[in-house]
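The values are calculated or read from the model by the stated rules, or taken from the named source; none is laboratory data. What you see is a predicted model, and the numbers here were worked out from it, not measured in a lab. Cβ atoms come from the backbone with ideal geometry, glycine included; neighbour counts cover every protein chain shown.
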Amino acid sequence: MGWKLVIAFMRRGARHNPDSRFDPQSYVYEEPLVPDRAGVQVIPVQARSLVNRIESPDLPLVYSMNPYAGCEHGCIYCYARNSHEYWGYSAGLDFETRLLVKENAPELLRKTLSDPRWEPHPIMLAGNTDCYQPIEREYGLTRRLLEILRDFRHPVSVITKNALILRDLDVLGELAKHGLVHVYVTVTTLREEVRRVLEPRTAAAPRRLETIRRLTEAGIPTGVMVAPIIPGLTDAEILSIMEAAAQAGARTAAYTIVRLNGALAEIFEVWLREKLPDRADRILHLIAQCHGGTLNDSRWGQRLRGSGPLARTIDQIFRTGLARYFKGAPPMPPYNLSAFRRGGMPSLFEQG
């Protein structure tokens, strides 16, 4: 068994800490409710690498980078929870409260882009946890990474559900002028009562739509990520989310269907039976319908969008939304790979 640390937190997604695959012991520890930000431990680390090659054929980009591990947003469905076990922590509450800050991320990125063997490809920021989660306000690693990408004129794709991205409109605008950036804002639900329990520390839907509007007005190519679609809970909102995002200025849309791989299945089910007990069995059954009868789907080409009749229906609804709300919208521009400046131009921040 692994360490099992059970703590009651306000505004947390996970209800418990399931056993980690890598922990040899376990115990149970109870605490009373604590204030909103209490219980969060920020752990500085010196990472050995930052830019990782994406091995999944399901994703369109070649590289990703993550300045943080763990995410305070607390989204109960997050596939990145499992990766926290590799750091020796649980995918449950630890994922939300034990946050690793890769302090040397800017130096690692500059070193990678300065390598004479490096060939520019768009880098996903971030491929795992949200690069604009609350601790970015304090540490600013995402902004520093964007500044380095700007200096090297290197393409980047940013995905977030946090309005903090608006802080960096200046850098994003410079990248956009050279055809170097796409931004996707994730909208999972328009219903605040669902958002509060599903994604407890994220921006409300109106704020995300406003973020799309302001990014678009700043000339930054922006799309909406309708993800993850949770059958029986959020699938009825697909068209309304797409319509609202298009009205806010989104150029395009993408989606995924939730999948509960690894420890995520237990974490999600515990949450579901506590928060939506009357609907839990149906929702779990519908999720399994989209993934070959199992909650844990790792099949290349099918794991992100599922398979079977229900998954096909969701895809048809999504395609209807594209035709209805995004027809005539300007496409996301191609990345300008020819703008890359090997060696870059150090920013004032990096120099000083």
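Considering only residues of region 134-146 that are closer than 20 Å to Val181 by Cβ and either within 17 Å of the chain's Cα centre (by Cα) or not charged (D, E, K, R) (or both), which is surrounded by the fewest Cβ atoms within 10 Å (Cβ to Cβ)?
So the residue we want is Gly140.
Can you find even one residue in region 309-324 that is in a loop (DSSP other than H, G, I, E, B) and over 30 Å from Trp118 (Cβ atoms)? Within region 309-324, not a single residue is in a loop (DSSP other than H, G, I, E, B) and over 30 Å from Trp118 (Cβ atoms). Note on region 75-133: among residues that are surrounded by 20 or more Cβ atoms within 10 Å (Cβ to Cβ), more than 22 Å from Asp168 (Cβ to Cβ) and aromatic (Phe, Trp, Tyr), the one that is farthest from the chain's Cα centre (by Cα) is Tyr89. Within region 158-196, the set of residues being surrounded by 16 or more Cβ atoms within 10 Å (Cβ to Cβ), in a helix (DSSP H, G or I) and of a type in the set (A, V, I, L, M, F, W, C) comprises Ala163, Leu164, Ile165, Leu169, Val171, Leu172, Leu175, Ala176, Val194. Criterion first (more than 23 Å from the chain's Cα centre (by Cα) and modelled with pLDDT under 95) does Gly301 satisfy it? Taking the combined requirement at face value, the residue does not satisfy it. Of the strands (runs of 3 or more DSSP E) that lie entirely inside region 1-107, those containing 1 or more residues that are modelled with pLDDT of 70 or more, in contact with a Gly (Cβ under 6 Å, 6 or more places away or on another chain) and not polar (S, T, N, Q) span 98-102. Scanning region 280-289 for residues that are on the phi < 0 side of the Ramachandran plot, assigned to a loop (DSSP other than H, G, I, E, B) and either loosely packed, with under 14 Cβ neighbours inside 10 Å or out of contact with any Pro (no Cβ under 8 Å at 6 or more places or on another chain) (or both) turns up nothing.
Of the residues that make up region 234-241, is at least one under 30 Å from Gly219 (Cα atoms) and under 19 Å from the mean Cα position of the chain (by Cα)? Yes, some residue in region 234-241 is under 30 Å from Gly219 (Cα atoms) and under 19 Å from the mean Cα position of the chain (by Cα). Just to be sure, is Ala254 closer than 27 Å to Leu146 by Cβ, of a type in the set (A, V, I, L, M) and outside any helix (DSSP H, G or I)? Taking the combined requirement at face value, the residue satisfies it.
The residue that is surrounded by the most Cβ atoms within 10 Å (Cβ to Cβ), counting only those in region 260-279 that are over 23 Å from Ser90 (Cα atoms) and either free of Cβ contacts under 8 Å to residues at least 40 places away in the same chain or under 22 Å from the mean Cα position of the chain (by Cα) (or both), is Pro277.
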